[in-house]
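Novice: Following this message is one structure expressed as structure tokens.
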Amino acid sequence: MHKEMVEVLNTHVLTLRKPIMINGNEAKELTYDFENMTARDKLNAGRRIKADGIPVSVEEIDTDYHMYLFAAAVVKANPEMDISDVLRISAKDIQKGASLARDFFYIDSEE
């Protein structure tokens, strides 16, 4: 995606170490948008992780929850995608995404 377009949309890009197929297309990168996530988006990420049978402990340090927050941010930037699409990326890639979510919601928010 062109840098100017990313900046206008207020999104960021995670380059995947291992591309995956999403909706019939190879994805080499995922755009994500934490800035425009709403309270409802965050609640829906929490509902989704619980529906998937994964208990959330302390949200500030729960890596699994951070993965779902990142997936929700990807869906925010790409409404044609589903959280389940994002959760198919490699473990290394989702770990990077989880770190981005943690930093945005819990590290940077302390400023």
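Novice: Counting each DSSP H run of 4 or more residues in the chain as -39500 (n - 2.57), what helix-only mean residue ellipticity at 222 nm follows after dividing by all residues, to the nearest 500 deg cm²/dmol?
Specialist: So the helix-based figure for the chain works out to -13500 deg cm²/dmol.
Novice: Okay, moving on. Specify which labelled value, from (1) 36, 32, 24; (2) 57, 24, 21; (3) 42, 30, 24, agrees with Cα extents along the principal axes in Å derived from the coordinates of the model shown.
Specialist: Correct label is (1).
Novice: Along the positive direction of the dipole of the chain (beta-carbon charges: Lys, Arg +1; Asp, Glu -1; about the Cα centre), which of Val13, Val75, Asn23 reaches farthest?
Specialist: Value: Asn23.
Novice: In nanometres, what is the gap between the two model label sites at Arg88 and Glu60, each 7 Å from Cα along Cα-to-Cβ?
Specialist: 3.6 nm
Novice: Oh, and also: What is the spin-label model distance, in nm, from Lys18 to Thr38 if the labels are put 7 Å beyond Cα along the C-beta direction?
Specialist: Calculated label separation equals 3.6 nm.
Novice: Tell me, what ³J(HN,Hα) does each residue in region 17-23 have, in order and in whole Hz, if you take phi through Karplus 6.51 cos²θ - 1.76 cosθ + 1.60 with θ = phi - 60° and put x for Gly and Pro?
Specialist: Running phi through 6.51 cos²θ - 1.76 cosθ + 1.60 with θ = phi - 60° gives 5, 10, x, 9, 8, 9, 6 Hz.
The numbers here are math on the coordinates, done by the rules we state, and not lab data. Computed from a prediction, not measured in an experiment: that's the story for all the values here. Counting neighbours? That spans all protein chains shown, and the Cβs are built from the backbone with ideal geometry, glycine included.
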